[in-house]
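The values are calculated or read from the model by the stated rules, or taken from the named source; none is laboratory data. Worth saying up front: this structure is predicted, and the values here are computed from it rather than measured. So basically every Cβ, Gly included, is an ideal-geometry build from the backbone, and we count neighbours across all protein chains shown. Heads up: the accessible areas ignore ligands, DNA and RNA and are worked out on the full protein's heavy atoms, side chains in. Shrake-Rupley method; radii C 1.70, N 1.55, O 1.52, S 1.80 Å.
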Amino acid sequence: MSIGHTLLGLLESGPRHGYDLKRAFDEKFGQDRPLHYGQVYSTMSRLLKNGLVEVDGIEPGGGPERKRYAITDAGITDVERWLATPEKPEPYLQSTLYTKVVLALLTRRDAADILDTQRSEHLRLMRLLTERKRKGDLADQLICDHALFHLEADLRWLELTAARLDKLAEAVAK
């Protein structure tokens, strides 16, 4: 996820302080990984330097002065360009799990145990996500669905690989 573009998009509804941006980000996108304040302010500093935001006002506070940021026309154009650009699909052509399976085979360890352990971990996570989805709002349900669909694809790969372990062992032994 592009933190900068997300913060810019949040600014399109109107000027905000860094604290307000962090709170809005965490509420909408950061359930699992909230932003650190330092990340917000370093990102805003970079966006300011690049002309994508401007300081709309400075207010005294109990600590440091509070800057209110506003998105510029260049910032709006940048968000529009980012939104219109498709994300590169991740083909997972060199996954860690595949590497573990091949190394297990090369070192005469039980690759089926690795696949079984991974299958159990995927199923555990899928149960957690299913429960979260059941209790969550629409946004949480969509986030969980995305993760669940990826985990289901991984499970299919685990089953296919388990069924082909003998052939894979022959192929990597050459």
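See the values below:
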| item | result |
| --- | --- |
| Karplus 3J(HN,Hα) series, Hz, for region 122-139 with 6.51 cos²θ - 1.76 cosθ + 1.60 (x for Gly, Pro) | 4, 5, 4, 5, 4, 5, 4, 5, 5, 5, 4, 4, 4, 8, x, 7, 4, 4 |
| On Cα atoms only, tilt of 73-84 relative to the major axis of the chain in degrees | 20 degrees |
| Average Cα contact separation per residue, the chain, under 8 Å, 6 or more apart, as relative contact order % | 17 percent |
| In order through region 33-39: 3J(HN,Hα) via Karplus (6.51 cos²θ - 1.76 cosθ + 1.60), integer Hz, x for Gly, Pro | 9, x, 6, 8, 4, x, 5 |
| DSSP-assigned coil residues among GluC sites (Glu not before Pro) in region 76-145, each with at most 11 further Cβ atoms within 10 Å | 87 |
| Pairwise centroid distance, computed over Cα atoms, of region 67-128 with region 134-153, Å | 15 Å |
| Highest average packing first - 50-60, 160-170, Cβ atoms within 10 Å | 50-60, 160-170 |
| Relative contact order (percent, whole number), region 96-173, Cα cutoff 8 Å, 6+ residue spacing | 38 percent |
| Solvent exposure of the chain as accessible area per residue, Å², 1.4 Å probe | 69 Å² |
| Long-range lysine pairs (8 or more apart or interchain), region 15-174, Cα under 19 Å | 6 |
| Residues residue 83 and residue 50, FRET efficiency given R0 of 22 Å [Cβ-Cβ distance, rounded to 0.05] | 0.80 |
| 0 to 90° range, to nearest 10: angle between helix 96-106 axis and the chain longest Cα axis | 20 degrees |
| Within the accessible area of the chain (1.4 Å probe), percent carbon and sulfur | 55 percent |
